[in-house]
Amino acid sequence: SLLSKILRRIHPILGLKDNGTGAHSNFDAALAALQLEGCVSQVQFPDLSEHVHAIMPAVLRSLDHPAFAVKRGGLEVVPHLLAWLPRAEVRWYGAVLLEALQSTLVACDPEAWGPALRAAVQALQVVQGD
């Protein structure tokens with residue numbers, strides 16, 4: 001599908017290096033994060049479930065990036081995933097998602113605090129709720 005092709009293209013850019021051939025600029029990574037956010041926000045259940053195994057690694061990679069412009073893409077996607085994915089699918093990634101959000105909260109810039117806290121609280125409610 002088109003979403004899978006886009007995710008395969010942007011996933012390496014969200015990381016700090018491109019398959020060992022050299023570092024991507026923060027601009028490239030921020031642009032990829034915006035593409036991730038734009039694409040994923042257009043997809044809802046049940047189609048979102050079909051692509052969660054490609055989406056979640058890209059989201060986690062963006063959350064792990066040191067630049068806030070890149071983290072923001074992941075932070076904006078998390079509430080969408082929590083709203084449209086079945087809890088069981090979110091919980092499958094629960095521990096690693098919560099760890100990534102916790103790391104983001106601990107080391108975030110003041111501008112990241114609001115989106116990071118919102119995503120972390122929502123994720124905690126879904127992963128550890130019931």
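A few remarks follow.
- The calculated 222 nm mean residue ellipticity attributable to helices in the chain amounts to -25000 deg cm²/dmol, summing -39500 (n - 2.57) over DSSP H runs of n ≥ 4 and dividing by all residues.
- In Hz, Karplus ³J(HN,Hα) per residue of region 4-11 (6.51, -1.76, 1.60; θ = phi - 60°; x = Gly, Pro): 4, 5, 5, 4, 5, 6, 8, 3
- The share of accessible area on the chain that comes from carbon and sulfur is 57 percent, using a 1.4 angstrom probe.
- Dipole of region 1-129, positive end: most advanced residue of GLN128, PHE68, ALA54 [Cβ charges, Cα centre]: ALA54
- FRET efficiency for the pair LEU34 and TRP113, taken as 1/(1 + (r/R0)^6) with r the Cβ-Cβ distance and R0 = 25 Å, rounds to 0.75.
- Taking Rg/Rh (Cα atoms, Kirkwood Rh) as calculated from this structure, the corresponding entry among [x] 1.16; [y] 0.95; [z] 1.08 is [y].
- Accessible area (Å², per residue) of the chain, counting only protein heavy atoms and a probe of 1.4 Å: 54 Å²
- Derived scalar couplings ³J(HN,Hα) [region 73-85; Karplus, 6.51 cos²θ - 1.76 cosθ + 1.60; whole Hz; x for Gly, Pro]: x, x, 5, 7, 7, 3, x, 5, 4, 5, 6, 10, 9
- Net lengthening on full extension, GLN125/ARG8 (0.36 nm per residue, minus Cα-Cα): 39.1 nm
- Solvent accessible area, Å² - LYS5, 1.4 Å probe, full protein context: 130 Å²
- Residue-wise HN-Hα coupling along region 108-118, computed from phi with Karplus coefficients 6.51, -1.76, 1.60 (Hz; x: Gly, Pro): 8, 6, x, 5, 8, 4, x, x, 5, 5, 4
- Accessible surface ranking that places the most exposed of PHE68, PHE45, PHE27 first, with a 1.4 angstrom probe: PHE27, PHE45, PHE68
- Structural descriptor for the chain: relative contact order 24 percent, calculated from alpha carbon pairs under 8 angstrom and at least 6 residues apart.
- Distant alpha-carbon pairs in region 68-116 (separation over 15 angstrom), percent: 45 percent
The values are calculated or read from the model by the stated rules, or taken from the named source; none is laboratory data. Every value quoted in this text rests on a predicted model; they were computed, and no experiment measured them. No Cβ is skipped: glycine too gets one built from the backbone with ideal geometry, and neighbour counts run over all protein chains shown. To get the accessible areas, we keep the full protein, side chains included, count just its heavy atoms, and leave off ligands, DNA and RNA. Shrake-Rupley method; radii C 1.70, N 1.55, O 1.52, S 1.80 Å.
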